[in-house]
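Asks: Structure below; questions to follow.
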Amino acid sequence: MNETVQAFHRRSLQDRDAFWREQARWVDWQTPFERVLDDSRPPFARWFVGGRTNLCHNAVDRWLPERADQLALAWISTEVDQERRYTRAELFDEVNAAAAMLREQGVQRGDRVLVYMPMIPEAVFMMLACARIGAIHSVVFGGFASVNLAQRIDDAAPRVVVSADAGSRAGRVTAYKPLLDRAIELARHKPAAVIVVDRKLAAYTPLAGRDLDYAALRARHEGARVPVQWLESSEPSYVLYTSGTTGKPKGVQRDVGGYAVALASSMRHIFDGRPGETFFCTSDIGWVVGHSYIVYGPLIGGQATLLYEGTPVRPDGAILWQLVERYRVNTLFSAPTAVRVLKKQAPELLHRHDLSSLRAVYLAGEPLDEPTARWISEGLGKPIIDNYWQTETGWPILSAQPGIQPLPDTGSFAAGPSQGERAPSGGSKPQAQRGGFSTAGPSQGERAPSGGSKPQAQRGGLRFGSPSWPVYGFDARIVSETTGQDLPPGEKGVVALVPPLPPGAMSTIWGDDERFVQTYFTSIRGRQVYSTFDWGRVDEDGYWFILGRTDDVINVAGHRLGTREIEESISSHAGVAECAVVGVADEVKGQAAVAFVVLKGGAPQDAAAAQALEGDIMRVVQEQLGAVARPARIRFVAALPKTRSGKVLRRAIVAVCEGRDPGDLTTIEDPQTLEQIKEAL
């Protein structure tokens, strides 16, 4: 780890109170906090005890005196060919009107509002409106299945649901209203009102006495002003559901003050941003990345944020770069899946637009393999910053932090503060430089860091395949799943966090403190530490590597193999664009590894070519991981089955391979991809 970053991280753990008191100055407090941390009931933590603040105030109101006429939110939809821009003042107006709508429906402090919407501005307005009045929003990914949606309605018990007639993805319209109506029919809890944004994409019949038209309500509350509800730091801000191992979904509960401080500091230290800049996150508001870095993070940091409804390849593979040029984007946050999609497009699309404003590209969501990282880095000539985190943590656990220590080697230059920038009072303001990237790392085909020669990288630089180092506040360890002891560099273990979890991390599971403890803090033997349920390893230079989920381990004739490691090896082959490896039941070996591979140049011309390429890839795996790790078969497909957020549907692939029903496929991006899997078998 770079010495400057290391010192910053060490201080966040060893001098915790002073460190977080300093970071809290990036946030406006209506009432100062009395105590930085109350961790008297581990593993629970309450941050900034007694302080009163508000997420909406910090995202919207506080910036009006200096930036009322500057861009706050730009919505671009390549699905419906529309674009809307909102200044800070206009965003303030929209959020106040939305807050007045909720107030009219009886929504009070602590009430829940479920947001089941596509990527449209009204969804952002409603999230901020909830924060403004102290209501707790629960955003559910648009188009989610009725049964799953009903479970979330029952768990959150919302007073109001806000939805839309439909969403669109890759030109295909998904009607939301029938799904919502069916979910409410299935749910035991019945919301008092449903507010619907009618986009004229799918006709629907409103239910009298319950359904309300967003536009009509908006017109009625034109010019409304709703006071900010100041909340104690530990009060819930939102509940975001993530799938659990039981039938009941887990509602990740986030606080107010800790989350505000974490995001405000991360915009400076991790993303090296300044007020007045532009941030473009390509995620969805239904996921944690969308909450933190489409809505709250950029706005709290005084930046404009882009809300994009569309895919990375519609109308063509240059759309993201076109938007970077048009809006002079400074920071792009996307997912490795999006980059793998772009790898299949013409490489000249990377150079069609002016990307001079773009400082860095951040990627998260699933492990970033070295060939993909190298391809996009060399194609753009920009730093590619891999970062690792989870719904539960709310912001990155592992990442380079160029706002603390600039990245070397590409002509870094000092940058002064932007107009209106607010530094922490007292102490020195963190100084940051721009740019810099170390391309030193494993050459194509080389895998780090398991054995063999270690990839070289300048200290402080980036290393392909690694999300760098622990972020300040996170006491991250690699521990043995059997003994619970910390492991030395080079050894594979479980990525764990020693409590207290930092500001911004989940407070508990909504309505179920016991499940929070049992799920996250009891799986490591002999220690009460938070388990990420991911395998990891640290090399001798302190670079971290994520090796896949602990439940993505297959047992082949007694050998435990991580599917992530096999995928890394296959992806290092020059002809591979992306792949998925799954464990399939085998009568002799217990499980067999089967790989599904998408090629850069399209499918092999004939069976002989396919067989030759399969053998070639097998040899790569054997050379890197040994014969035991070779997949039983490699099948070539045009695309992998994924959710609309880019997650590979591995369980569905396994089900198809084993001749079972793949189950609920509501969130699948393209159903034909699963059919291709069947045909390939």
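The values are calculated or read from the model by the stated rules, or taken from the named source; none is laboratory data. Keep in mind that what you see is a predicted model, and the values were worked out from it rather than measured. Every residue, glycine as well, gets a Cβ built from its backbone with ideal geometry; the counts of neighbours run over all protein chains shown. Remember, those area values only see protein heavy atoms, side chains included, never the ligands or the DNA or RNA. Shrake-Rupley method; radii C 1.70, N 1.55, O 1.52, S 1.80 Å.
Asks: Does the range 573-599 hold any residues that are in contact (Cβ under 8 Å) with a residue 40 or more places away in the chain, more than 13 Å from MET618 (Cβ to Cβ) and out of contact with any strand residue (DSSP E or B) (no Cβ under 7 Å at 6 or more places or on another chain), and which are they?
Replies: ALA574
Asks: Further, regarding this structure: Among the listed residues VAL5, VAL49, which satisfies the condition of being out of contact with any helix residue (DSSP H, G or I) (no Cβ under 7 Å at 6 or more places or on another chain), touching a residue at least 12 places away in the same chain (Cβ under 8 Å), of a type in the set (Val, Ile, Thr) and within 30 Å of ARG463 (Cα to Cα)?
Replies: VAL5
Asks: Would you confirm whether or not the range 531-550 contains a residue that is surrounded by 22 or more Cβ atoms within 10 Å (Cβ to Cβ), more than 23 Å from the chain's Cα centre (by Cα) and at pLDDT 80 or above?
Replies: No, the range 531-550 contains no residue that is surrounded by 22 or more Cβ atoms within 10 Å (Cβ to Cβ), more than 23 Å from the chain's Cα centre (by Cα) and at pLDDT 80 or above.
Asks: Give the residue that is surrounded by the most Cβ atoms within 10 Å (Cβ to Cβ), with candidates limited to residues of the range 497-525 that are outside any helix (DSSP H, G or I) and of a type in the set (S, T, N, Q).
Replies: It comes out as SER507.
Asks: Find the residue count for the range 251-289, including only residues that are outside any loop (DSSP other than H, G, I, E, B) and touching a residue at least 60 places away in the same chain (Cβ under 8 Å).
Replies: 19
Asks: Let me ask you something else. Which residue is farthest from TYR472 (Cα to Cα), if the candidates are limited to the range 337-396 and must be in contact (Cβ under 8 Å) with a residue 60 or more places away in the chain and among the aliphatic types (A, V, I, L, M)?
Replies: ALA338
Asks: Quick one: HIS189 ticks every box in (1) free of Cβ contacts under 8 Å to residues at least 40 places away in the same chain; (2) touching a strand residue (DSSP E or B) at 6+ places or on another chain (Cβ under 9 Å) except a single one, so which number is it?
Replies: (2) is the only condition that HIS189 fails.
Asks: Let me ask something else about it. Filter the range 624-669 for residues that are open to solvent by less than 30 Å² (accessible area, probe 1.4 Å) and in a helix (DSSP H, G or I); which is nearest to GLU578 (Cα to Cα)?
Replies: Top of the filtered list is ILE653.
Asks: What do you reckon, is GLU679 exposed (fewer than 14 other Cβ atoms within 10 Å of the Cβ), free of Cβ contacts under 8 Å to residues at least 12 places away in the same chain and not aromatic (Phe, Trp, Tyr)?
Replies: So GLU679 passes the test.
Asks: Next up: Would you call ALA208 among the small types (Gly, Ala, Ser) and assigned to a loop (DSSP other than H, G, I, E, B)?
Replies: yes
Asks: Does GLU232 satisfy being closer than 30 Å to GLY50 by Cα and of a type outside the set (A, V, I, L, M, F, W, C)?
Replies: So GLU232 passes the test.
Asks: Only residues that are at negative phi and open to solvent by 10 Å² or more (accessible area, probe 1.4 Å): list them for the range 48-57, please.
Replies: VAL49, ARG52, HIS57
Asks: Name, by its number, the condition in (1) within 23 Å of PRO191 (Cα to Cα); (2) open to solvent by less than 30 Å² (accessible area, probe 1.4 Å) that does not hold for PRO236.
Replies: (2)
Asks: Condition test on VAL60, is it touching a strand residue (DSSP E or B) at 6+ places or on another chain (Cβ under 9 Å), touching a residue at least 40 places away in the same chain (Cβ under 8 Å) and open to solvent by less than 30 Å² (accessible area, probe 1.4 Å)?
Replies: Against the criterion (touching a strand residue (DSSP E or B) at 6+ places or on another chain (Cβ under 9 Å), touching a residue at least 40 places away in the same chain (Cβ under 8 Å) and open to solvent by less than 30 Å² (accessible area, probe 1.4 Å)), VAL60 qualifies.
Asks: Turning to a different aspect of this structure: Being assigned to a helix (DSSP H, G or I) and either closer than 30 Å to GLU309 by Cα or open to solvent by 40 Å² or more (accessible area, probe 1.4 Å) (or both) narrows it down to one residue among GLN605, GLN591, GLN672; which is it?
Replies: Selected residue: GLN672, the only one of GLN605, GLN591, GLN672 that is assigned to a helix (DSSP H, G or I) and either closer than 30 Å to GLU309 by Cα or open to solvent by 40 Å² or more (accessible area, probe 1.4 Å) (or both).
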